[in-house]
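S.K.: I am attaching a structure below and will ask some questions about it afterwards.
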Amino acid sequence: RPWDWKPSVWDEHYSKINLKKEQRSRRQNIEYINFVKRSLEITGIAQKKPRNNLSILELGCGTGPLGAEMLDWGYPVEFSDYSDVLAERLQREFRYKVFPANCRNLSFAKDNSYDVILLAGTVYNFENYYSAEKVYGEINRILKPGGVFIHFLNQYNHHLGLV
């Protein structure tokens, strides 16, 4: 299943699904959520106070399960995804701050903008190394010096039928 589809394919997908149900389902994956929690602890982000001074982006967010958890934990989170339809729905249905963008071109963000960037999957499904290189280059550009990039390779969930 290629993940580098045209936006219209993603827009069609996200126009049909129940976002709340899908997000709730993905938030039930305790290993997935605990990975983020442990990453925040290991990197020292969890110890930073006040949390509302941090800038966090869930990149390639889909329904936004990781960012939703972090919002519940008191962190400010922004979201970005490839699908314009999804971005509009996340803004309307969840009141999230969302930027529609291809993760190879994050022009909505200035250099050194984020303390933490979360990315679940996405990169391992690109058609070549150059595409992944562009994603990591953009992440490096918008991450603040000393910032934390948390990349969850959710391919492990594919075998469980969770993704």
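S.K.: For Ile17, are the conditions met, namely being hydrophobic (A, V, I, L, M, F, W, C), open to solvent by less than 20 Å² (accessible area, probe 1.4 Å) and either within 27 Å of Asn102 (Cβ to Cβ) or touching a Pro at 6+ places or on another chain (Cβ under 7 Å) (or both)?
M.R.: no
S.K.: Among Tyr96, Tyr32, which is assigned to a loop (DSSP other than H, G, I, E, B) and not β-branched (Val, Ile, Thr)?
M.R.: Residue meeting the stated conditions: Tyr96.
S.K.: For the subset of the range 67-77 comprising residues that are closer than 18 Å to Phe35 by Cβ and in contact with a strand residue (DSSP E or B) (Cβ under 7 Å, 6 or more places away or on another chain), which member is surrounded by the most Cβ atoms within 10 Å (Cβ to Cβ)?
M.R.: In this case the residue turns out to be Gly67.
S.K.: May I ask you to list the residues in the range 49-61 that are touching a residue at least 12 places away in the same chain (Cβ under 8 Å) and either outside any helix (DSSP H, G or I) or open to solvent by less than 30 Å² (accessible area, probe 1.4 Å) (or both)?
M.R.: Within the range 49-61, Leu54, Ser55, Ile56, Leu57, Glu58, Leu59, Gly60, Cys61 qualify.
S.K.: Do you know which of the residues in the range 136-150 that are open to solvent by less than 70 Å² (accessible area, probe 1.4 Å), over 15 Å from the mean Cα position of the chain (by Cα) and not basic (Lys, Arg) is nearest to Arg38 (Cα to Cα)?
M.R.: Per the criteria, the residue is Gly147.
S.K.: Please go through (1) open to solvent by less than 10 Å² (accessible area, probe 1.4 Å); (2) in contact (Cβ under 8 Å) with a residue 40 or more places away in the chain; (3) on the phi < 0 side of the Ramachandran plot for Gly64 and return the number of the only condition it doesn't satisfy.
M.R.: Answer for Gly64: the failing condition is (3).
S.K.: Consider Ser80 against the criteria (1) in a strand (DSSP E or B); (2) open to solvent by 10 Å² or more (accessible area, probe 1.4 Å): it satisfies all of them except one. Which criterion is unmet?
M.R.: The single condition Ser80 does not satisfy is (2).
S.K.: Follow-up question, since we're still on this one. Look through Val98, Val85 and report the one residue that is of a type in the set (Val, Ile, Thr), surrounded by 21 or more Cβ atoms within 10 Å (Cβ to Cβ) and at pLDDT 90 or above.
M.R.: Val98
S.K.: Also: So, in the range 133-145, how many residues would count as being farther than 16 Å from Cys61 by Cβ and touching a residue at least 12 places away in the same chain (Cβ under 8 Å)?
M.R.: The total comes to 6.
The values are calculated or read from the model by the stated rules, or taken from the named source; none is laboratory data. Remember, it's a predicted structure, so these values are computed and weren't measured experimentally. Because the Cβ atoms are built from the backbone with ideal geometry, glycine has one as well, and the counts that use them run over all protein chains shown. Note: areas computed on protein heavy atoms with side chains; ligands, DNA, RNA excluded. Shrake-Rupley method; radii C 1.70, N 1.55, O 1.52, S 1.80 Å.
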